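**Student:** Quick one: the structure is below, questions incoming.
The values are calculated or read from the model by the stated rules, or taken from the named source; none is laboratory data. All values derive from a computational prediction rather than experimental measurement. Heads up, the Cβs are rebuilt from the backbone with ideal geometry, glycines too, and the neighbour counts pull from every protein chain shown.
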Amino acid sequence: MIELPFRQVHLDFHTSPLIPDVGVDFDPEEFAKTLKSAYVNSITVFAKCHHGMSYYPTKVGVMHPSLKRDLLGEMVEACHKEGIRVCAYISVVWDEYSAGNHGDWLQVNKDGTLAGRPPFGNRGWRFLCMNSPYVDYVSEQTEEILRLYDVDGIFFDIVMQTYPGCVCNHCMKSMKQLGLDPTNDTDLYRHSQIVGRNFMSRMDRLVKSLKPDISIFYNSRLRLESNYELGMRKESDYFTHFEIESLPSGGWGYNHFPLFVRYYQTLGKDLLGMTGRFHKSWADFGGFKNRPALEYECFTMLSLGAKCSVGDQLHPRGRLDITVYNLIGSVYKKVAEREEWCRNAKPISDIGVLISSSFYNDWRTDSDEGAMRILSESHYQFSFIDSLEDLNKYKLIIAPDRVVVDEVMAEKLRRYLKNGGKLILSYKSGLDGDRFILDEVGVDYLGD
């Protein structure tokens, strides 16, 4: 298992090709020493951004037109001299350069519109399809980066299809071959999962064939899903670790990280929580999070068995903001002082909470969030679990509000109860039509 450092920065650098003087102020020694002085020991830096611009002399893609240096290469070399781990970032589905040059690679919504930014829209990104020849392009870029640079990991971002699925020519063809109905939302969503998993399988083989010991992460995949076939457990082998992107002030909220980490801590891989230094969200250049908030977010990560990552955005001219790294350093100094007691920490949970959320069915996590808040505020030790988890590890199983219990799960719960386990069901959990599937519950359903 890959063991991550405790103090990471995710350095965004989505830089329009219209911006001049990219990287002109970059000083590799100053860059690395600024990170070092802020107690940073791992960083994700950009190889290719959402604009489709590469930040190194590429023969596969297109280098940012105003960049006159090998920014990625200089970052890797300077950071390694200071003992800082470096991961290379590759934007996948959002690549404006490719979207503008290959209309046949774009994702198409079920209603026939283009996924993402419409043709005359002025904000957002267009979606490239992971079932199109675009994947060959991403593969060639990834191989080029791995052959040119001694990176310690690859971070693939925006690894997702439109919801419920793409109906471009490439997807229509493969759905027909698989016997799936493109007019059926369930089939569309299942096809999306097949496409995403095929992409990850291909990248997994490529990366491991060239650098078998580096980390690999696919962002935009993490979800809570009560349906095992559609959930994350079937994808977990493609990940060396899990990074839970969760900027509380940026739309995720303060319930998101503690909810997600309590599931992903059961899957046996190293964990990283990712917040941001921004007052709001990504690209908030002038916004600075107050220190108590950043402390709270990083210490929450440590308390739940995760390492820390703080998002920042590099100025187009290539110089880090010292005020930002004074802030990060003030918190990471405290993390460094405490990490000895957090290394190799494993959750010991008395309670297993069955996931009721379904990303496909309704995207709602309110029941799971409610259970998480009740148990957290009552100081119980608990984990969120899926249907494949060993129930006998827990003294109590809770099924909040809308957990669907099929006959396989029902039999598993019967054995658990027979062995002395305890079960709490709320609202409609365990209902099969107008009756509870478990006679052991001992109650009749009278209606809402």
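**Student:** Can you report the number of residues in region 361-374 which are surrounded by fewer than 20 Cβ atoms within 10 Å (Cβ to Cβ) and either farther than 13 Å from residue 402 by Cβ or in contact with an Asp or Glu (Cβ under 7 Å, 6 or more places away or on another chain) (or both)?
**Tutor:** Looking only at that region, the number is 2.
**Student:** Kindly indicate whether any position in region 12-29 is outside any loop (DSSP other than H, G, I, E, B), surrounded by fewer than 15 Cβ atoms within 10 Å (Cβ to Cβ), modelled with pLDDT of 95 or more and not small (Gly, Ala, Ser).
**Tutor:** So far as region 12-29 goes, yes, one or more of its residues are outside any loop (DSSP other than H, G, I, E, B), surrounded by fewer than 15 Cβ atoms within 10 Å (Cβ to Cβ), modelled with pLDDT of 95 or more and not small (Gly, Ala, Ser).
**Student:** Now for a different question. Taking the conditions exactly as written (closer than 25 Å to residue 230 by Cβ, within 32 Å of the chain's Cα centre (by Cα) and not in a loop (DSSP other than H, G, I, E, B)), does residue 423 satisfy them or not?
**Tutor:** yes
**Student:** Restricting to region 265-288, give me the number of residues that are modelled with pLDDT of 95 or more and under 14 Å from residue 309 (Cβ atoms).
**Tutor:** Final tally of qualifying residues: 9.
**Student:** What do you reckon, is residue 78 at pLDDT 95 or above and in contact with a Cys (Cβ under 8 Å, 6 or more places away or on another chain)?
**Tutor:** no
**Student:** Looking only at residues in region 387-398 that are surrounded by 19 or more Cβ atoms within 10 Å (Cβ to Cβ) and under 25 Å from the mean Cα position of the chain (by Cα), which one is farthest from residue 365 (Cα to Cα)?
**Tutor:** Once the filter is applied, the top-ranked residue is 389.
**Student:** Going by the conditions given, is residue 116 on the phi > 0 side of the Ramachandran plot and either among the small types (Gly, Ala, Ser) or not assigned by TED's automatic domain parsing to the domain that holds residue 73 (or both)?
**Tutor:** When the stated conditions are applied, residue 116 passes them.
**Student:** Of all the residues that make up region 104-138, how many are over 23 Å from residue 181 (Cα atoms) and assigned to a helix (DSSP H, G or I)?
**Tutor:** Number of matching residues: 5.
**Student:** Something else about it: With respect to the numbered conditions (1) touching a residue at least 40 places away in the same chain (Cβ under 8 Å); (2) of a type in the set (A, V, I, L, M); (3) farther than 24 Å from residue 84 by Cβ, which one is the sole condition not fulfilled by residue 320?
**Tutor:** (3)
**Student:** So which of 7, 85, 69 ends up being basic (Lys, Arg), in contact with a strand residue (DSSP E or B) (Cβ under 8 Å, 6 or more places away or on another chain) and surrounded by fewer than 24 Cβ atoms within 10 Å (Cβ to Cβ)?
**Tutor:** Residue meeting the stated conditions: 85.
**Student:** Take residue 312 and tell me if it is outside the structural domain of residue 246 (by TED's automatic domain parsing), surrounded by 19 or more Cβ atoms within 10 Å (Cβ to Cβ) and of a type in the set (Asp, Glu).
**Tutor:** When the stated conditions are applied, residue 312 does not pass them.
**Student:** Going by what's in this entry, would residue 91 be described as within 21 Å of residue 159 (Cβ to Cβ) and in contact (Cβ under 8 Å) with a residue 24 or more places away in the chain?
**Tutor:** In short, yes.
**Student:** Here is a check on your reading of the model: is residue 380 assigned to a loop (DSSP other than H, G, I, E, B) and either at pLDDT 95 or above or over 30 Å from the mean Cα position of the chain (by Cα) (or both)?
**Tutor:** Yes; evaluated as a whole, the condition is true for this residue.
**Student:** From the list 153, 231, pick out the single residue that is modelled with pLDDT under 95 and among the small types (Gly, Ala, Ser).
**Tutor:** On inspection, the qualifying residue turns out to be 231.
**Student:** Exactly one condition in (1) among the hydroxyl-bearing types (Ser, Thr, Tyr); (2) more than 23 Å from residue 411 (Cβ to Cβ); (3) in contact with a strand residue (DSSP E or B) (Cβ under 9 Å, 6 or more places away or on another chain) is false for residue 365; which is it?
**Tutor:** (3)
**Student:** Among what's in region 139-152 and is more than 22 Å from the chain's Cα centre (by Cα) and part of a loop (DSSP other than H, G, I, E, B), pick the residue that is surrounded by the most Cβ atoms within 10 Å (Cβ to Cβ).
**Tutor:** 149
**Student:** Would you check which residues across region 327-354 are buried (at least 19 other Cβ atoms within 10 Å of the Cβ), in a helix (DSSP H, G or I) and not β-branched (Val, Ile, Thr) and list them?
**Tutor:** 327, 329, 332
**Student:** Considering (1) part of a loop (DSSP other than H, G, I, E, B); (2) in contact (Cβ under 8 Å) with a residue 12 or more places away in the chain; (3) farther than 19 Å from residue 375 by Cα, say which one residue 252 fails and leave the rest.
**Tutor:** (2)
**Student:** Which is of a type in the set (Ser, Thr, Tyr) and surrounded by 20 or more Cβ atoms within 10 Å (Cβ to Cβ), of 378, 426, 383?
**Tutor:** 383
**Student:** Also: So residue 404 passes all but one of these: (1) over 19 Å from residue 231 (Cα atoms); (2) outside the structural domain of residue 261 (by TED's automatic domain parsing). Which condition number does it fail?
**Tutor:** (1)
**Student:** Among the numbered criteria (1) within 30 Å of residue 74 (Cα to Cα); (2) among the charged types (D, E, K, R); (3) at pLDDT below 95, which one does residue 364 miss?
**Tutor:** Checking residue 364 against (1) within 30 Å of residue 74 (Cα to Cα); (2) among the charged types (D, E, K, R); (3) at pLDDT below 95, the one that fails is (1).
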